[in-house]
Amino acid sequence: MRLKLLFTFALLLSAPGLLLAQAAVEFPVKTLDIGKISEDTDSVNGVFRVVNRGDAPLFIEGVYVSCGCVKATHSTDAIMPGESGTVTATLYPEGREGQFLKSIYVYTNTIPRKNVIRLKAFITEPKKKQ
């Protein structure tokens, strides 16, 4: 009985230390401006850096976009404390003109899980062929 009580007490004392180890995600640039691009450009990539400012491994669990004109991929390996990974957004500008701002939702093993980054551009008319 005494051993069981001692074990429970030791477990309770160590639990706060276990709960404190946590990944912390940071995006040094949350809105990436890729500048002016022509509508007849095939595609343009923008790369977001993802930094783990916590003390446990960071995992990107998924990335989702707000439009079919953007595709996103991400680092699949664990991002260790102090290290960085990437989220790459590919913009397909065909059929779009003017200001462009789309959200990319990055889900991680952090609190909160959902992180929002944005891809910005200005899409110009296609160059006229002579």
Note to self: Using the basic label-point model (7 angstrom from Cα toward the beta carbon), what is the Ala21 to Glu125 distance in nanometres?
What the structure shows: 6.1
Notebook entry, point to check: If you plug each phi of region 89-100 into the Karplus form 6.51 cos²θ - 1.76 cosθ + 1.60 with θ = phi - 60°, what whole-Hz ³J(HN,Hα) values come out, in order, with x for Gly and Pro?
Noted result: 10, 10, 9, 10, x, 3, x, 10, 9, x, 4, 9
Next item on the list: Provide, for region 23-124, the number of lysine pairs with alpha carbons under 13 Å apart, each pair being eight or more places apart or on different chains.
Entry: 5
Next item on the list: Have a look at region 45-130 and give its Rg and Dmax from the Cα atoms, expressed in angstrom.
Entry: 15.6, 59
Check: Amide H of Gln22: which non-local residues (sequence gap of 5 or more, or other chain) have their own amide H closer than 5 Å, using H built in the peptide plane?
Finding: Asp55, Ala56
Margin query: Can you compute the modelled spin-label distance between Thr86 and Lys36, with each label point 7 Å from Cα toward Cβ, in nm?
Written below: 2.7
Next item on the list: Pick out, in residue order, every one of the trypsin sites (Lys or Arg not before Pro) in region 79-130 that is DSSP loop and has at most 16 other C-beta atoms within 10 Å; say none if there are none.
Entry: Arg96, Arg113, Lys127, Lys128, Lys129
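Read-outs: derived from the displayed coordinates by stated rules, not from any lab. Just so it is clear, the structure is predicted and the values come from calculations on it, not from any experiment. Every residue, glycine as well, gets a Cβ built from its backbone with ideal geometry; the counts of neighbours run over all protein chains shown.
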